[in-house]
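Comments concern the structure below.
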Amino acid sequence: MIIDFVKKIPGFIFKYKFTILCLLYFCIISILATYSNLEGRISKPAIATALSFFFILNIIAKMKYSSIFSVVFAILISIDSYFAFVYSTSITSGILGSIFETNAAEAKEVLTDALFKAIIILGITLLLIFQSKKELKPINFSIKKSLAVFLIYSCLFIPGILYRKITINEVRMGDFAMFPLNTVQLLTAQHFPLIYNDCVTYLVYRDEMSKLNSYKTSERVLPEGIVLENTELAPEKIYYIIGESSWRNHYSLYGYSKKTTPFLDSLNAASPNNIKYYDGIAPAPFTRDATRILLSFATPTDINPFFREKSIIDLAHHAGYETLWISNQAQLDFNGSYIGYVAMNANYNFFNTKTSENDLDLLPVIADRKKQGKKQFIIIHLTGSHLSYSERFDEIDAAAIAGGNDQITQYDRTIHHTDRVLRGIYNEMQKDLCSVLYYIPDHSEIIGLGHGFPNQGTSQFEVPIIVINNKAAEIETIVDKYIDPETSLINGSSSIYILSEYLGYSVSKENVEKSIIDGRYILHGDGKIYKYDTVK
């Protein structure tokens, strides 16, 4: 009997070859999506989940309008497959938020770069699912039986595994008590990365958005230890410049071999007392996660201060400043993003509507909106060095940075372009009675790939922090307090404290120390919090 069974195996494999390949494909996706998240271990529940999709395939094969459901199922699997194969991760709320909140122009550029890989993955997925459907349609295994097994797996087995994963770990139980949805999402990403994780991640994202909906009407308070005191000594103009995807290792100011920052270099050579630059680290590798920290008292380990404590715009208003939000990123949905909810509170908003999105276009707007003798806090949000790099520089930058059209050369030209923007803002500063410029990109970049990837090193966090002081000598030593004595780094999460002091607030010693300790952590692209010195 055993010999007869063994003889039948090759025929069985041949008869159901596409179904077997499809299930193997699901297993590979599950392993790739969870392998790095589990530090090199393979999740048995993730494999079990991949194999359980046999029942979905069988249901689809036998139902009415099966082609429509096959396409929908293939698209969902392809999304997970894309992130697994290209980035070795599963979808997180940060990724989902970045997808939903990205403006149309930026999304078009990113999709253009990703299109070829996405089409190949979708094609393979469609082929395997449609061929599996043909093989499974004739077999005598009903929809009802498949649905019953699948519901038992989904409604009993998966919750049971999650319950066990939470209750066997005291730290995780504490996390679950405070952040139940987020804790479940992290575990789902580790053990049930296909479709289940997508559903839970969407719930986490919607939960974040529901909290944001109360932002407009909420009364936000000053954190304890932040007190408004010395407004007379505060600079007349504060320029808070938030860059984009900018890696400090490609600034000649920081020692890069190509002259990518000739203005900053010349200022440092001629007036070293007026410019200070620091080794910064981004609090997160996504714009949505990083900017909510750059604009509020939220930290990589705690988002809640964003909702309950004053933002940088609120602080500026309280200190008697007119606030201006000048952005080269497309019009934000004020009701759908962290940036939008902060920006809407500014006294004046400008979003560049030109298709070129040239950061130099912001200079006339800044010049036009400035008022002599009036305290103004000006946030300038650049497109900087975001993909696609070829859209972020002009012929002047191309002439200054010689070479071909390889990704590194194009990226270096975007840095040169940002240097020209900073020169233009510096020229405006010369008209001020006294002013300060604080420049930090939201995150850095893995050149040619982007940012937000858990297994791609620290380059996506290594940002410049540059302070240019125009006759505001009293504030020169503020930033130095926030340098971590252990690493000589400053996390962007300290920016809110630094800018508070520029605005005339006093910051307690306890808050300075808390800022340094919080700054030792980052919120990574997989939604997990890491001590920065452990990131490989």
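For region 415-447: of the residues being hydroxyl-bearing (Ser, Thr, Tyr) and out of contact with any His (no Cβ under 8 Å at 6 or more places or on another chain), which is surrounded by the most Cβ atoms within 10 Å (Cβ to Cβ)?
The selected residue is THR418.
When both residues are 6+ apart or on different chains and their Cβ atoms are under 6 Å apart, which pairs have a first residue that lies in region 275-298 and is over 15 Å from THR92 (Cα atoms), and a second that is among the polar types (S, T, N, Q) and part of a strand (DSSP E or B)?
What qualifies is ILE281/ASN491; PRO283/ASN491.
If a residue has to be out of contact with any helix residue (DSSP H, G or I) (no Cβ under 6 Å at 6 or more places or on another chain) and not basic (Lys, Arg) to count, how many in region 504-524 make the cut?
Summing the residues that are out of contact with any helix residue (DSSP H, G or I) (no Cβ under 6 Å at 6 or more places or on another chain) and not basic (Lys, Arg) in region 504-524 gives 10.
Return the total of residues in region 499-521 being β-branched (Val, Ile, Thr), closer than 21 Å to TYR240 by Cα and either part of a helix (DSSP H, G or I) or free of Cβ contacts under 8 Å to residues at least 60 places away in the same chain (or both).
2
Considering only residues of region 359-398 that are touching a residue at least 40 places away in the same chain (Cβ under 8 Å) and of a type in the set (Val, Ile, Thr), which is farthest from TYR321 (Cα to Cα)?
THR383
Given region 168-268, what helices (runs of 4 or more DSSP H) lie entirely inside it while holding 2 or more residues that are surrounded by 15 or more Cβ atoms within 10 Å (Cβ to Cβ), assigned by TED's automatic domain parsing to the domain that holds PHE53 and under 22 Å from the mean Cα position of the chain (by Cα)?
180-191, 196-213
Among the candidates TYR439, TYR426, single out the residue that is closer than 22 Å to LEU267 by Cα, assigned by TED's automatic domain parsing to the domain that holds SER500, outside any helix (DSSP H, G or I) and touching a residue at least 60 places away in the same chain (Cβ under 8 Å).
TYR439
Output the number of the condition that ASP314 fails; it satisfies all remaining conditions of (1) farther than 23 Å from ASP359 by Cα; (2) of a type in the set (D, E, K, R); (3) outside any helix (DSSP H, G or I).
Tallying (1) farther than 23 Å from ASP359 by Cα; (2) of a type in the set (D, E, K, R); (3) outside any helix (DSSP H, G or I), ASP314 fails exactly one: (3).
In the set LEU186, LEU136, which member is in contact (Cβ under 8 Å) with a residue 12 or more places away in the chain and under 30 Å from MET63 (Cα atoms)?
LEU136
So which of LYS514, LYS471 is under 25 Å from ALA270 (Cβ atoms), surrounded by 14 or more Cβ atoms within 10 Å (Cβ to Cβ), charged (D, E, K, R) and in the same structural domain as ASP314 (by TED's automatic domain parsing)?
LYS471
The values are calculated or read from the model by the stated rules, or taken from the named source; none is laboratory data. Just so you know, these numbers come straight off a predicted model, no measurement behind them. Methodologically, a virtual Cβ is constructed for each residue, glycine included, from the backbone with ideal geometry; neighbour enumeration extends over all protein chains shown.
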